[in-house]
Amino acid sequence: MATKSAANWRIRVVGMVCSLWVLILGPSVLALEEVLLDTTGETSEIGWLTYPPGGWDEVSVLDDQRRLTRTFEACHVAGAPAGTGQDNWLQTHFVERRGAQRVHIRLHFSVRACASLGVSGGTCRETFTLYYRQAEEPDSPDRSSAWHLKQWTKVDTIAADESFPASSSSSAWAVGLHRTGQRAGLRLNVKERSFGPLTQRGFYVAFQDTGACLALVAVKLFSYTCAPVLRAFSSFPETQASGAGGASLVAAVGTCVAHAEPEEDGVGGQAGGSPPRLHCNGEGKWMVAVGGCRCQPGHQPARGDKACQACPAGTYKASAGNAPCSPCPARSQASDPAAPICPCLLGFYRASSDPPEAPCTAFELDLSFSCFLGFLSSLPSLYLPFPSCLLCFLPLLP
């Protein structure tokens, strides 16, 4: 009964350790953002292309923390003739993808409420459209004038969760910003989208305004990567997230740390077969671990499951695994570290059938056998008289 209770206790402990590992792996290994473009805090002219000229204005204003920053604004709906449509384009510089298969874009923007602008006829919008276009090289100067007519891929229509009314002192929100350089009562929206897979050297991003009064406060382009991690005595390198979205996984092959070897496959396979694997999802988070490594004989875990260290002198570990080293059995000693077995002390022995944890025992010779050895040693020199040697065998006689 006691043995069964102890076994159940060990099972519960192993289960708790595994659950703890799942909890640790998720929040502690954060996704890395490799920034490709970021206008946050820019104070000098950014200089993106606009069509038509003046469709978008680049201005310096104070952000919500009263820091000077560059923004792009479009607000041509107020005062425009009825039925006049807007088609204002803003394009970024050429952005190199740097190996990213999928790019994320984070937008900080503000939109005025159409109801406060006094615009009728349904020409006012509280949205804008996001596009991207791949390219192997930046556009040549002679073709840059027609950039808005090229083949763009729509990412999404971006709608404001919050819009704010026009200032009572100004019928046009953009004019109010130009005059004051401040955002009184400004409500910022933050939206994140992604696009890909990307296969060419770089890309452009464009914003199309079709009749909104909006300010593009900050644009950040970045890709997700899974950070390098040590897990289950395996080292996994930094891995680019997939270009096919969050549900798609990229397998990363791990390398066993020093003095570790791949685990058995669970169906009797030998260690040293398939290496461990971990999967990076589209959001830069590790998941779905397959396999792992274990410490080799003569070595025990160190720093959790991050390293394998040699057994200290006086201890041993006979088999591969993640158990700690054990003290040498009685009448044995391991003088050097990393011992897979403790050799017996002089005058003691361990039979070949004995397990490594068995204590060593002394040689014990039978009296008759001792006499027999004495008899054999006397034959060449004839030092012992024959009758005295017969005495050795007297105990053997019936």
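No lab work stands behind these numbers, since they all come straight from the coordinates. As the structure is a prediction and not an experimental result, all values here were calculated from the model. Cβ placement follows ideal geometry from the backbone for every residue including glycine, while neighbour counts extend to all protein chains displayed.
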What residues qualify as long-range amide H neighbours of residue 97, i.e. H under 5 Å apart, gap of 5 or more or another chain, H built at 1.01 Å from N? 202, 203
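Sorted from fewest to most neighbouring beta carbons within 10 Å, what does the list 152, 147 look like?
Lowest to highest Cβ neighbour count: 147, 152.
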Would you mind ranking 131, 224 by Cβ crowding within 10 Å, fewest neighbours first? 131, 224
Interchain or long-range residues, amide H under 5 Å from residue 231's placed H: 236
Formal net charge of residues neighbouring residue 305 (Cβ-Cβ distance under 13 Å; K, R +1; D, E -1): +3
Rank the residues 56, 48 as a footprinting-exposure proxy: fewest other Cβ atoms within 10 Å of their Cβ go first. 48, 56
Note, ³J(HN,Hα) from phi for the range 34-40, Karplus 6.51, -1.76, 1.60, rounded to Hz, x at Gly and Pro: 9, 6, 9, 7, 8, 8, 4
Amide H within-cut-off set for residue 49, under 5 Å, with H built and near neighbours excluded: 91
